[in-house]
Amino acid sequence: MNRANFDPAYTLDPAWAERHAPPPVYRRPKLTREERGATIAHKATPDRRAMTPAEIAMVGELGGCTFASGSPDKRFARSMQWEALRGEKTITDGQATYLLRLAHRYRRQAPDAHRLAGCCEGGGEA
């Protein structure tokens, strides 16, 4: 029997109702916005830098690749293309690393991107 369904008015003995009442539910008091803000660690926004000409060319080369539907690689490549087309040619260090990884992963479909990444001495297969 929970507290919502318990009504002491329907019992004959008030002492019995006190003894058999469910315990009160303890709820932590809600924090104010200032208190919550003080306890949350805010993430720092990553530093963005301008894309190098090689990275811009890699993004263009990866645009011609065939990706699995709904894959993170496809979403990343398309978002990088969109940023390059809009003129916002900025990239973070993590995105640059992921771009190099994609150039290596899709090196058979985009050998020029693999060559631009500097993954191998010749152009083509590693």
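Bear in mind these aren't lab numbers, they're just calculated from the coordinates by the rules spelled out. Please read these numbers as outputs of a predicted model, since none were measured by experiment. Every residue, glycine as well, gets a Cβ built from its backbone with ideal geometry; the counts of neighbours run over all protein chains shown.
Quick notes on this one:
- In this simple spin-label model, placing a label point 7 Å from the Cα along the Cα-to-Cβ direction at both residue 97 and residue 20 gives a separation of 6.4 nm.
- Of the residues 90, 66, the one with the fewest other Cβ atoms within 10 Å heads the list, and the complete ranking is 66, 90.
- Distance (nanometres) between label positions extended 7 Å along Cα→Cβ at residue 52 and residue 109: 2.4
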